[in-house]
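Report on the following structure.
The values are calculated or read from the model by the stated rules, or taken from the named source; none is laboratory data. This is a predicted model, so every value here is computed, not measured. Because the Cβ atoms are built from the backbone with ideal geometry, glycine has one as well, and the counts that use them run over all protein chains shown.
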Ligand code: HEC
């Protein structure tokens with residue numbers, strides 16, 4: 001018997017590896033246990049994002065997990081998710097970066113649809129992970145509340161290009177316009193495709209207005225009707241008039257990642 005044939009594993013492992021059906025059963029068991037460990041907490045952990053925000057419902061589990069400030073006190077969710085009732089800025093037009101996560105304005109919503117249609121997510125993630133190199137490169141790591149109005153979220157899993165979660169305000173609108181039309185005009189080594197035609201495509205007004213209506217009736221974290229009021233939705237078409245898909249996608253990019261004012265020394269839950 002050569003050294004090659006010696007069984008170094010336990011008898012149990014040897015048996016499992018030689019019997020396909022047993023192997024299958026063991027794998028199914030392992031996956032089931034792993035799945036349960038991941039899924040069960042979702043049923044009892046609080047839906048943190050809802051608590052004391054504009055989205056607050058009657059969730060009895062509210063307040064169990066929180067962001068804790070420097071002095072050990074709980075950071076009110078209003079500071080994270082914009083709540084017109086408690087904020088100094090009452091409408092989407094008055095909202096300024098730092099007021100907290102807000103729903104999309106009509107033009108941004110149209111841009112988001114373009115982003116999805118054109119498959120930008122295939123090359124760009126929107127999720128800064130809590131690792132030092134990512135924080136150094138992109139900024140503060142993403143927190144769950146930042147995705148609260150995203151149906152569907154655009155976290156992505158592929159980074160042919162950089163993460164875009166904090167790209168808002170990083171460049172001027174003009175830079176974005178030139179870059180999108182022909183990326184190599186501003187980044188010579190870029191492999192990103194040209195999207196020049198977006199400048200010739202008028203935004204889809206009817207679809208965007210319809211999307212706003214649907215967002216107010218989503219089963220999870222719908223946009224509050226106090227923010228997307230009937231009057232606001234009625235006025236959306238006027239805001240979209242004469243705009244192109246290029247304008248829309250730029251508005252979407254410029255609104256990314258600057259909603260929450262992250263404070264030094266606070267340990268935000270990721
Ligand atoms: C084939 C992959 C690919 C696709 C699809 C793609 N990009 Fe890119 N993108 C890149 C690469 C690579 C870079 C980095 C080089 C550069 O800046 O052009 C980049 C850079 C960017 C940047 C600059 C980011 C920064 O922080 O410097 C923005 C903004 C951007 N892309 C937006 C978009 C949008 C919007 C779409 C969809 C309309 C899109 N991209 C589609 C690959 C892609």
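Remarks
- Of all residues making up the range 184-216, the number that are away from the ligand (no atom under 16 Å from the Cβ) and in contact with a strand residue (DSSP E or B) (Cβ under 9 Å, 6 or more places away or on another chain): 1
- Residue 147 being within 11 Å of the chain's Cα centre (by Cα), closer than 20 Å to residue 268 by Cβ and surrounded by fewer than 20 Cβ atoms within 10 Å (Cβ to Cβ): yes
- Hey, residue 174 within 16 Å of the ligand (Cβ to nearest atom), more than 25 Å from residue 208 (Cβ to Cβ) and in a helix (DSSP H, G or I) or not: no
- In the range 217-228, the residues that are outside the structural domain of residue 93 (by TED's automatic domain parsing) and more than 15 Å from residue 82 (Cβ to Cβ) never reach a residue that is assigned to a loop (DSSP other than H, G, I, E, B) and modelled with pLDDT under 90 with C-beta atoms less than 6 angstrom apart, at least six apart or across chains.
- Selection from the range 95-128 of residues that are away from the ligand (no atom under 16 Å from the Cβ) and touching a residue at least 60 places away in the same chain (Cβ under 8 Å): 97, 98, 99, 100, 101, 102, 103, 105, 106
- Tally, over the range 101-134, of residues that are touching a helix residue (DSSP H, G or I) at 6+ places or on another chain (Cβ under 6 Å) and in a loop (DSSP other than H, G, I, E, B): 1
To keep it simple, each residue is scored yes or no on (1) closer than 19 Å to residue 96 by Cα; (2) at pLDDT 95 or above.
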site	(1), (2)
215	no, yes
218	no, no
221	no, no
232	yes, yes
237	no, yes
252	yes, yes
261	yes, no
